[in-house]
Amino acid sequence: MTSNVVQVRMPSAITRNVEELVKKGFYKNKSEVIIDAVRHFVGMKQTESDVAQFIREELHGRDRLLCKRTECHLGKNQVRKRVEKTVRDKRRKYYGRTQGKTMIFIDTDVFVIEKLFQNDERYDITKAFLDSDIKGKCTSIYNLFELLGIASFNLNTSELKKLLKGFHEVYDTKILFPSTAYESADAFVEQLFDKTFGKISLKMNFMDATILNVAEEHNCSGFVTWNVKHFEGRTDIPVVTPKEVVP
């Protein structure tokens, strides 16, 4: 009887220190070190999910691809600094382009009615608004995922992914991210909850607060929703219904 043997070529740095890792108590034996190393290197080859790829492309475009292609020629620190500079430059240009332009922010309920409730009495007006040639229509990444969550009770996984990837083209609507999305994870989390608490203190629920913060960060000139009472009086942005916007 024979058994199959898998030979694993370990990096020299790990091979030299296997015994030391065991002695220091990080692992019980040499086998655990090898298994952990194999899991690490196998995990590095896992493909990126559709959702992660969508977020990366919306945030950075091809910047991450630059990192992948140049990593074999430059050190990782050099690549990181180069990509971070590219992202900073892109962010400056992005906010420079949006300043002074008309941006009409659309709340989740507008998309929900158009997508899922065609028998709703507000459907025709909602549809007319979304199909209109009004310039500067936008929403936030939070609204998009709130829509996906609501739609998940009616759509299968394949249909949800189609809605996610085709949202921008179907609705001709720009997806906005919070300003800290281009900064460190710490800055993102800190400012997210700091700003959100400021809105919550005005008697808003968490999701409405995060959504309104994004609209204000991007200096939107209008906020379109069927739930006017949830936002009115809590922002300087004019809050209106689709009925008030449709020509």
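Annotations for the structure displayed:
- 30 Å Cα-Cα threshold exceeded, pairs from Lys137/Lys161; Lys174/Lys229; Lys161/Lys203; Lys101/Lys229; Lys101/Lys195; Lys127/Lys229: Lys161/Lys203
- Fraction of alpha-carbon pairs over 12 Å apart in the stretch 172-220 - percent: 62
- By the count of neighbouring beta-carbon atoms within 10 Å, fewest first, Phe188, Phe206, Phe223 end up ordered Phe206, Phe188, Phe223.
- Volume per residue of the C-alpha convex hull in the stretch 104-245, rounded to whole Å³: 116
- Protection proxy ranking for 195-205, 109-119, using the average of other Cβ atoms within 10 Å per residue and placing the highest first: 109-119, 195-205.
- The stretch 126-143 - phi-based ³J(HN,Hα) in whole Hz, Karplus 6.51/-1.76/1.60, Gly and Pro as x: 4, 4, 5, 5, 5, 8, 5, 8, 4, 7, x, 5, 8, 8, 9, 4, 5, 4
- Spatially proximal aspartates and glutamates relative to Lys162 (Cα-Cα < 14 Å; intrachain offsets below 8 disregarded): Asp50
Only the coordinates and a few stated rules stand behind these numbers; no lab work does. These numbers were taken from a predicted model, which means no experiment stands behind them. Reconstructed Cβ throughout: ideal geometry from the backbone, glycine too, with neighbour counts over all protein chains shown.
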